[in-house]
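Enquirer: Submitted below is the structure of interest, expressed as structure tokens.
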Amino acid sequence: MSQPAPRGTVLQVCPLPPSLEERLAAHHEVLRLHEQPDPAAFLAARGLEVVAAVTSARVGMRDELVDALPALGAIVHFGVGYETTDVARARARGVDVSNTPDVLTDCVADLAVGGLIDVLRGLAAADRYVRSGQWVPNGFGLRTRVSGKRIGILGLGRIGRAVARRLEGFDAELSYHSRRPVPEVGYRFAASVRELAEGADVLVVATSGGDGTRGLVSAEVLDALGPDGYLVNISRGSVVDEPALVSALVEGRIAGAALDVFADEPHVPSPLLELDTVLLLPHIASATHETRQAMADLAHRNLDHYLREGTLLTPVPPV
């Protein structure tokens, strides 16, 4: 016997992966806000119907949009991040919020380690060197070994721990900084981000974004990392003071960086485009067929469970 269809109108806030859009359209009554020529008028006419909203981690839900939906009970994010939604404010209004944790952990951690290897060994730079016809014996120059490095991880959540587990295979000396020590791991805890950077050859940024971590990797932290140190960021561009990072890279006050995220995506600071010591990626840490499908599946399960049972499967932790 088939189950009854979930009840309630769903607001799709922004474009989503085709597989998720198809499932939304097939199983729910969906209003597509991003396709409306006059969103404000549309919400005034139809906003009372909406009981749940689906959005992306990058777009989130603005406060004024939440306020325009008086019957809203759940915000479902496609993505692990949720800093684009004021979760505390939404919950104070009785709106719960979910994201898609765990399912993207492995791919993000894989990319962090890949970026680290690339920037220390100069793989992408060496590829460009060969393709441009510049290869002459001993012409490319020496780079830095990866094995045995001191690696500091900023944020030892799911992704940070997955990065650490992978780097154990490189005999890395691992340390970390997070809001509080994690008792079940054997890595060294640094009491501050500066202390973490001072004791590391590579600083891997894996903490969450949002106002609480904005500019956490400051000019002071970059100076502590030093001229032989490298930065890897697979978190959010907002976590790093980007002007300070650009200056440190251009002036050689740190050795290099692997960056998958930026402060104002898709805009990348132009000085970085000229540096072979920097790996620039277009926010692709979770961009695999397998992971994006798993994210879409979990987002839809969250929505479906809310409409059937009134609760979310993976609610965002209390803030």
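Enquirer: Would you check which residues across the stretch 132-154 are within 23 Å of LEU225 (Cα to Cα) and in contact with a helix residue (DSSP H, G or I) (Cβ under 8 Å, 6 or more places away or on another chain) and list them?
Expert: Passing the criteria: ARG143, THR144, ARG145, VAL146, LYS149, ILE151, GLY152, ILE153, LEU154.
Enquirer: Can you tell me which residue within the stretch 122-151, out of those that are without any contact (Cβ under 8 Å) to a residue 40 or more places away in the chain and among the basic types (Lys, Arg), is surrounded by the fewest Cβ atoms within 10 Å (Cβ to Cβ)?
Expert: Selected residue: ARG131.
Enquirer: Also, quick follow-up: Looking at VAL278, VAL250, which is the one that is hydrophobic (A, V, I, L, M, F, W, C) and in contact (Cβ under 8 Å) with a residue 40 or more places away in the chain?
Expert: VAL278
Enquirer: Out of the helices (runs of 4 or more DSSP H) lying entirely within the stretch 22-92, which hold 1 or more residues that are without any contact (Cβ under 8 Å) to a residue 60 or more places away in the chain and in contact with a Lys or Arg (Cβ under 8 Å, 6 or more places away or on another chain)?
Expert: 63-67
Enquirer: Let me ask something else. Take the stretch 289-315 and flag every residue that is in a loop (DSSP other than H, G, I, E, B) and surrounded by fewer than 21 Cβ atoms within 10 Å (Cβ to Cβ).
Expert: Within the stretch 289-315, GLY310, THR311, LEU313, THR314 meet the criteria.
Enquirer: Under 23 Å from SER147 (Cα atoms) and exposed (fewer than 15 other Cβ atoms within 10 Å of the Cβ): does that describe PRO271?
Expert: No, not satisfied.
Enquirer: Take the stretch 172-216 and flag every residue that is under 23 Å from PRO101 (Cβ atoms), of a type in the set (A, V, I, L, M) and in contact (Cβ under 8 Å) with a residue 40 or more places away in the chain.
Expert: VAL204, VAL205, ALA206, LEU216, listed by residue number.
Enquirer: Taking LEU116 as meeting all but one of (1) touching a residue at least 24 places away in the same chain (Cβ under 8 Å); (2) farther than 18 Å from THR207 by Cβ, write down the number of the exception.
Expert: Going through the list (1) touching a residue at least 24 places away in the same chain (Cβ under 8 Å); (2) farther than 18 Å from THR207 by Cβ, LEU116 breaks only (2).
Enquirer: A further question on this structure: Quick check on the stretch 230-261: of everything there that is touching a Gly at 6+ places or on another chain (Cβ under 8 Å) and of a type in the set (S, T, N, Q), which residue is surrounded by the fewest Cβ atoms within 10 Å (Cβ to Cβ)?
Expert: The qualifying residue surrounded by the fewest Cβ atoms within 10 Å (Cβ to Cβ) is SER238.
None of the figures in this text is laboratory data; all of them are computed from the coordinates on show. What you see is a predicted model; the values in this text were computed from it and never measured. We place every Cβ from the backbone using ideal geometry, glycine too, and count neighbours over all the protein chains shown.
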